[in-house]
Amino acid sequence: MSSLDSLPVAVIGAGPVGLAAAAHLIARGLPLKLYEAGPTVAANVRDWGHVRLFSPWRYNVDPAAKSLLKAHSWQEPPADAMPTGADLYEAGPSQPTFPHGLGAKRIIPNADQSH
Ligand SMILES: Cc1cc2nc3c(=O)[nH]c(=O)nc-3n(C[C@H](O)[C@H](O)[C@H](O)COP(=O)(O)OP(=O)(O)OC[C@H]3O[C@@H](n4cnc5c(N)ncnc54)[C@H](O)[C@@H]3O)c2cc1C
């Protein structure tokens, strides 16, 4: 094991993809830091929160994230229901449930990593 192995994996962006990556890292017991440019996770999705997605819940939650959420008493939305962006933020793998599974201390908001 090299000294690098104990460093956290940096995940840039807490959108759906970054959150899913974080869930997979947690499932593997790997340390991580999740850097998000916006003030909250899913900042981009929240910008169009009033718009309905074109795919139902069953396709919108990563399996690793689902396992984490279920371990924290998450009520899974009906598989065929069509969420809005706001629904995805509020009831999906972001706020308010996901940070508990993810460990809020792993999320660093307002952290633009472009520079
Ligand atoms: C109206 C609409 C409906 C959609 N419906 C569906 C659907 O039904 N099904 C589907 O699969 N997809 C749908 N999509 C697409 C889906 O929203 C995107 O594919 C998804 O959001 C991409 O996730 P992402 O995490 O890669 O990117 P984003 O959601 O863009 O998240 C990236 C995150 O990274 C942050 N970020 C960016 N740059 C930096 C930086 N330099 N440093 C730190 N953080 C940074 C951003 O603030 C953001 O929070 C829809 C999109 C729209 C607009």
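Pairing residues of the range 48-60 that are under 23 Å from Gln75 (Cβ atoms) and modelled with pLDDT under 90 with residues that are within 6 Å of the ligand (Cβ to nearest atom) and β-branched (Val, Ile, Thr), at Cβ distances under 8 Å and at least 6 apart in sequence or on separate chains, gives no pairs at all.
Please go through the range 88-99 and give me each residue that is at pLDDT below 60 and either surrounded by fewer than 13 Cβ atoms within 10 Å (Cβ to Cβ) or farther than 12 Å from Val41 by Cβ (or both), ordered by number.
Hit for the range 88-99 is Pro96, nothing else.
Go over the candidates Val17, Val9 one by one and state the one that is more than 12 Å from the chain's Cα centre (by Cα), surrounded by fewer than 17 Cβ atoms within 10 Å (Cβ to Cβ) and either within 8 Å of the ligand (Cβ to nearest atom) or not aromatic (Phe, Trp, Tyr) (or both). From the options Val17, Val9, the qualifying one is Val9.
The values are calculated or read from the model by the stated rules, or taken from the named source; none is laboratory data. Remember, it's a predicted structure, so these values are computed and weren't measured experimentally. Every residue, glycine among them, receives a Cβ derived from its backbone with ideal geometry; neighbour counts consider all protein chains shown.
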